Amino acid sequence: MSDPRMSSSIFTRGAVDLGALRTSSPAGQRPSPAPASPAATPPGAGSPGDRAPGAPAAQGAPAAQGGGVAVIDVTEATFQTEVLERSLHTPVVVDFWAEWCGPCKQLSPVLEKLAVEGGGSWVLAKVDVDANPRLAQMFRVQGIPMVYAVVGGQPVDAFTGVVPETQLRQWIDAILKAGGVEVETPEDPRLNAADEALVNGDLDTAEQAYRKILAESPADAAAEAGLAQVGLLRRVSGADPQQALADAQARPDDVDAQLVAADVEILSGRAEQAYDRLVDLVRRSSGDDRERVRKHLLELFSMADPDDPAVAAARRALANALF
């Protein structure tokens, strides 16, 4: 899922009209929450794990770890106060759901768990579409579960359907950043295990672990870098660094020799030389060889800090060589 600050969403295309919800309350008054129905407060409710998956939050909404409210039920009468006004200081994620919706019962518990873990940094507002058809109509909800993010009184992004928890966490982090909330990226135990295998020289285990992460989170740059390192170590395994550089010097147009030499330079801390070597080779080659060198260079880039000036310079040089 994309960063809501960087991409066009359904909101920027005018899909949602919140004008009818922005009516001011009489001076000194705020809309009163609608009384919870018996179904909304099952016996023993009080935390996401205590109620049936997908069921509404209890009237005493679960508290976040930091003491703030984490999950609330919202109605047409309370939407302005609990969502629009609250979002002026705390990002709000609105979950449109229904009791009969099977996918909702998969997604809602995950949202509730993440809201509680959030420690009050954001609030989950649950809207029963059957009980609040006007809200569903205003948001043009055509399928559920449908989840909206509201920041600063304005919707910023949305998605429909069930998504993996990993992607959901990334989406929420993007929403928090859009709301000016500092997001501390937790350590990923999967990545730690993969890195440990790489450090220990167990390349097969490391590769398998990195590929699994990328299957679940295709945009995970750390896993992509780890997988590239596995490939690099396999390519140079058993190679004599001095001989590799000598071969490359003796055969400047030998693509295989130049690629091995670039790998050796990367491992010896001479990344700029490696980049220059391959950019120059792109200029002098064509067809399949040129594409092979280009892909190899991009793989080397993936292992470096994206803010590295050497990478930025090499990317510009590559673009000039290609076009």
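With the structure loaded, tell me whether Ala221 is touching a Ser or Thr at 6+ places or on another chain (Cβ under 6 Å), touching a residue at least 40 places away in the same chain (Cβ under 8 Å) and at negative phi or whether it fails that test. No: the conditions fail for Ala221.
When the range 54-90 is limited to residues that are modelled with pLDDT of 90 or more and part of a strand (DSSP E or B), the one that is least open to solvent (accessible area, probe 1.4 Å) turns out to be Val71. Within the range 91-100, track down each residue that is surrounded by 19 or more Cβ atoms within 10 Å (Cβ to Cβ) and out of contact with any Lys or Arg (no Cβ under 7 Å at 6 or more places or on another chain). Pro91, Val93, Val94, Phe96 - these are the residues of the range 91-100 that are surrounded by 19 or more Cβ atoms within 10 Å (Cβ to Cβ) and out of contact with any Lys or Arg (no Cβ under 7 Å at 6 or more places or on another chain). Pull up the range 104-132, narrow it to residues that are over 15 Å from Trp171 (Cβ atoms) and β-branched (Val, Ile, Thr), then point me to the one that is modelled with the lowest pLDDT. The qualifying residue modelled with the lowest pLDDT is Val116. You will find that of Ala178, Ala228, Ala221, the residue that is touching a strand residue (DSSP E or B) at 6+ places or on another chain (Cβ under 7 Å) and not acidic (Asp, Glu) is Ala178 and no other.
Applying a threshold of 8 Å to beta carbon distances and a minimum spacing of six or more residues, or different chains, the list of pairs starting in the range 62-89 at a residue that is more than 11 Å from Val116 (Cα to Cα) and ending at one that is modelled with pLDDT of 70 or more and open to solvent by 60 Å² or more (accessible area, probe 1.4 Å) reads Thr75/Ala131; Glu76/Arg134; Ser87/Gln154. The residues in the range 210-219 that are open to solvent by less than 30 Å² (accessible area, probe 1.4 Å) and part of a loop (DSSP other than H, G, I, E, B) can be counted, and the count is 1.
Of everything in the range 251-264 that is over 33 Å from the mean Cα position of the chain (by Cα) and not hydrophobic (A, V, I, L, M, F, W, C), the residue that is farthest from Pro241 (Cα to Cα) is Asp253.
The values are calculated or read from the model by the stated rules, or taken from the named source; none is laboratory data. The model shown is predicted, which means the values in this text are computed figures rather than measured ones. We place every Cβ from the backbone using ideal geometry, glycine too, and count neighbours over all the protein chains shown. For the accessible areas, the whole protein counts, side chains as well, though only heavy atoms, and no ligand, DNA or RNA atoms are used. Shrake-Rupley method; radii C 1.70, N 1.55, O 1.52, S 1.80 Å.
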